[in-house]
Amino acid sequence: MRQVGNGIVIGAIAGVLICGFSMLMLTMLMPEYLDEMKQATIEWLQAADIADETREKQIAAVEGTTATSQSLAGLFGTLATSLVAALIAAIFLRRK
C-alpha cells in the first residue's frame, strides 16, 4: 500500500502545481483565453444539431466557467488520475 500513498502524494504535488500554473495562466498571462474559449464553444453549440433544451443547458454551463473552476478541475483530475495509476501500479508491484 506504500505505492498508493506515494502515488497520492506525487499526484497532490503535481495537482497543486497544475492548479497554480493554471490560475496564473488564466488570470495574468492570458486573461482573454477563457472568454475566447467560451465564445468558440457557444458558437459550436449553437451550430450543433442537438435539442434546444440540451443546448441551453450546455451554454449555461459554459458561461459559468471561471478560472478557478478550470484550475480546480485540473487539481481534482490530477488527483484522480494519480490514484488510479497508483492502484494499478500497486497491483503489478505486489505480484512480484
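Within the range 14-36, can one find any residue that is within 15 Å of the chain's Cα centre (by Cα), touching a residue at least 60 places away in the same chain (Cβ under 8 Å) and within 13 Å of Gln70 (Cβ to Cβ)?
yes
Checking the condition exposed (fewer than 13 other Cβ atoms within 10 Å of the Cβ) and modelled with pLDDT of 95 or more, which residue from Phe21, Phe76 passes?
Details: Phe21 fails: exposed (fewer than 13 other Cβ atoms within 10 Å of the Cβ).
After applying the criteria, what remains is Phe76.
The values are calculated or read from the model by the stated rules, or taken from the named source; none is laboratory data. Only a predicted model underlies this, so the values are computations on that prediction, with no experimental measurement involved. Cβ sites come from the backbone with ideal geometry, for glycine too, and all protein chains shown count toward neighbours.
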